[in-house]
Amino acid sequence: MSPPIEVRWLWRRIYTYGATILNSAGVGAIIWRIDDPQALKWLGLSLVCANVVMATLYLAGATVTDWAKLAAAARKAVD
């Protein structure tokens, strides 16, 4: 039996890489047009934070399902 589609590494990679590329392209387009150093600083920090969130979601996806399986097994053991 194959795992559900949401925990397969292929689909998480496609989502994460796609979102990171779109995020970087969008912020890159904004940075291209802005000359204000303060705004650029905050945009750069936002980009880094957004990409960290994407990487965390990419790596934590299987872990969350594993925790759900553990919780279900624990409930079953108590019953």
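Every number here is computed from the coordinates shown, using simple stated rules; none is lab data. Predicted model only: the values in this text are computed from it and were never measured. Cβ sites come from the backbone with ideal geometry, for glycine too, and all protein chains shown count toward neighbours.
Taking ALA74 as the residue in question, decide whether it is farther than 20 Å from LEU10 by Cβ and in a helix (DSSP H, G or I). Yes; evaluated as a whole, the condition is true for this residue.
A count restricted to the range 24-68 and to residues that are surrounded by 10 or more Cβ atoms within 10 Å (Cβ to Cβ) and not in a helix (DSSP H, G or I) stands at 1.
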